[in-house]
Amino acid sequence: MNYFELFEIPVSFKVDKNILAQKYFALQKKYHPDFFTQETEYEQAEALEASSQINKAFKTLKNEDETLKYVLQLKGLIEDDEKYQLPPAFLMEMMELNEELSENSQQQVSQLEAAIYQPVKHIIENFSAATTTAELMLVKEYYYKKKYLQRILDRIGD
């Protein structure tokens with residue numbers, strides 16, 4: 001069962017946080033291990049496993065970047081620890097940005113992030129079963145570019 005099925009919500013890049021929270025609390029109320037203290041050892045273990053899965057799913061689906069990655073994994077387009085090749089022009093731009101890190105860099109990174117989002121905005125906000133593999137590949141590239149930009153932001157914050 002995938003995380004969307006667990007929470008009984010449609011597969012989407014944009015998860016409604018209010019509905020997610022409601023579903024999370026309902027599931028925790030049903031499966032939290034504290035409610036199984038008088039049950040058999042097997043039932044306690046099952047509840048613990050269910051609760052753990054619910055927590056992991058909630059953590060993933062409430063984070064937009066993790067949700068992007070998860071949906072792409074469901075579609076078989078991203079593997080754990082994948083070494084994705086970003087376009088050379090993007091890497092050159094990032095190298096220049098890295099060399100010139102300053103107080104102004106955070107604003108530059110935010111502008112770059114907005115610019116790379118534009119080509120995939122429609123795909124992300126209107127994801128459906130009709131979304132093509134080619135469109136999903138654009139989202140995959142966006143995901144890896146955004147991840148790269150986040151590493152630069154992390155360096156600025158250090």
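Laboratory data are not the source of any read-out in this text; all were calculated from the coordinates shown. Bear in mind the structure is a predicted one, so any value in this text is a computation, not a measurement. We place every Cβ from the backbone using ideal geometry, glycine too, and count neighbours over all the protein chains shown.
Of the GluC sites (Glu not before Pro) found in segment 36-144, those in coil by DSSP whose Cβ has at most 13 other Cβ atoms within 10 Å are E39, E79, E82, E100, E103. Fully extending the segment from A115 to I19 would add 31.6 nm, taking 0.36 nm per residue of separation and subtracting the current Cα-Cα distance. For segment 107-154 versus segment 1-71, the inter-centroid distance based on Cα atoms is 26 Å.
Dipole of the chain computed with +1 at Lys/Arg Cβ and -1 at Asp/Glu Cβ about the Cα centre; of Q150, A130, L27, farthest Cα towards the positive end is A130. With the simple model of a label 7 Å out from the Cα in the direction of the Cβ, A129 to Q73 spans 2.4 nm.
Spin-label model, I156 to E49: label points 7 Å out along the Cα-to-beta-carbon direction sit 4.5 nm apart. With both labels modelled 7 Å from their Cα along Cα-to-Cβ, the L91 to L138 distance reads 2.4 nm.
With unit charges on the beta carbons (Lys and Arg positive, Asp and Glu negative) and the dipole taken about the Cα centre of the chain, which residue among S105, T67, N55 sits farthest to the positive side? The residue sitting farthest along the positive end of the dipole is T67. FRET efficiency for the E66 to K29 pair, using the beta carbon distance and R₀ = 25 Å, is estimated at 0.55. Cross-link partners of K69 among aspartates and glutamates, defined as those whose alpha carbon lies under 13 angstrom from its own and excluding same-chain residues fewer than eight positions apart: E79, D80, D81, E82, E141.
Given the choices [x] 1.06; [y] 1.45; [z] 1.29, Cα Rg over 2.2 N^0.38 Å derived from the coordinates of this structure is entry [z]. Rounded to the nearest Hz, the phi-derived 3J(HN,Hα) couplings of segment 69-74 under the Karplus curve 6.51 cos²θ - 1.76 cosθ + 1.60 (θ = phi - 60°) are 4, 5, 4, 5, 5, 4, where x marks glycine and proline. Going through the cross-link list K29/K56; K23/K145; K62/K145, which pairs have a Cα-Cα distance over 25 Å in this structure? Correct reply: K23/K145. Rounded to the nearest Hz, the phi-derived 3J(HN,Hα) couplings of segment 116-127 under the Karplus curve 6.51 cos²θ - 1.76 cosθ + 1.60 (θ = phi - 60°) are 6, 6, 3, x, 10, 3, 4, 5, 5, 7, 10, 4, where x marks glycine and proline.
Note on segment 3-158: with charges restricted to the Cβ of Lys and Arg (+1) and Asp and Glu (-1), its dipole about the Cα centre is near 440 debye. Rounded to the nearest Hz, the phi-derived 3J(HN,Hα) couplings of segment 51-56 under the Karplus curve 6.51 cos²θ - 1.76 cosθ + 1.60 (θ = phi - 60°) are 4, 4, 5, 4, 4, 5, where x marks glycine and proline.
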